[in-house]
Amino acid sequence: MSKIEVRDLTVEYGEKKERTLALDGVSFTIESGEFVTIIGSSGCGKSTLLSVLEGLHPATSGEVLIDGTPISGPGPERSVVFQHYSLFPWQTARENVAFGIKQNHKNLKRKECREKADEVLRRVGLAGFENKYPNQLSGGMQQRVAIARALAADSEILLMDEPFGAIDAKNRTLLQDFLLDIWDAEDPSEKKTVVFVTHDIDEAIYLADRVILMSSHPGRIYREYRVPFGRPRNRGQLISTPEYVSFRSDLYDALYNKALDASDLEEAAL
């Protein structure tokens, strides 16, 4: 049984004549412990798709199943990391992480939440920053707190909506490696299932087991790519190989020249 199954998902916005078709007949599956990136042009419905997976937006038709059960709203098995850190500015790093813990572990005592929060902050390289407020942290550090909060909830699925999009290139690279280190758990039973939305082709390839490319207007699955590079990945060595250059070129061509609007796809098929 797949961890996530999306069946013929269609999402429309608006009322009557003003309705907009955002997603049209989207179907795919994701296995437990798999890292999948979703890429596509702006407006193709990537974030809408993630909102449906989160349980924050209803499907117009079709369904999403987690472990074979249709979702009907947010659930403790799913945690979300957004592009903008979504931290509570009036809470310290420890308190922000503890909030995530309390959502899924309501019976834990305050001391236990504090200890667990400190442990997760240590794992993300923020030991010594537990009492800092978000405005006292850099953008990269704030995003680490957001990831720590999602990890601390101990959910089986991480849904990530362009989490590194607003971060400078150096810290983006560091956070990508950091995320892979956390995801690639030694115990397979602890490995998270990750759905990661991005605009960045290199990020999509470097992180993923599989890349899902969406066409736009309305959003449909254009093609799925199995990333052919083993793990762990050495970024410096990988990007200079002919195999990487060829794979990236194919994905780039599909994204910018082939994964067109639905009307263009229909014309291309004639």
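Observations, loosely collected:
- Antiparallel bridges, percent of DSSP beta bridges restricted to the chain (to nearest 5): 50 percent
- Here the stretch 38-101 is treated with +1 on each Lys and Arg Cβ and -1 on each Asp and Glu Cβ, and its dipole about the Cα centre works out to around 200 debye.
- For the pair the stretch 126-169 / the stretch 174-249, the C-alpha centres are spaced 20 Å from each other.
- Calculated [θ] (222 nm, deg cm²/dmol) that DSSP helices of n ≥ 4 give over the chain, each run adding -39,500 (n - 2.57): -10500 deg cm²/dmol
- Acute angle (nearest 10 degrees) that the helix 242-253 long axis makes with the longest principal axis of the chain, alpha-carbon atoms: 70 degrees
- Rounded accessible area per residue of the chain, 1.4 Å, Å²: 50 Å²
- Apportionment of accessible area to carbon and sulfur, the chain, percent (1.4 Å): 48 percent
The values are calculated or read from the model by the stated rules, or taken from the named source; none is laboratory data. All of these numbers come straight from a predicted model, not from anything done at the bench. When we count neighbours, we look across all protein chains shown, and the Cβ atoms used for this are built from the backbone with ideal geometry, even at glycine. Each accessible area value is taken on the protein alone, full model and side chains, heavy atoms only, with ligands, DNA and RNA left out. Shrake-Rupley method; radii C 1.70, N 1.55, O 1.52, S 1.80 Å.
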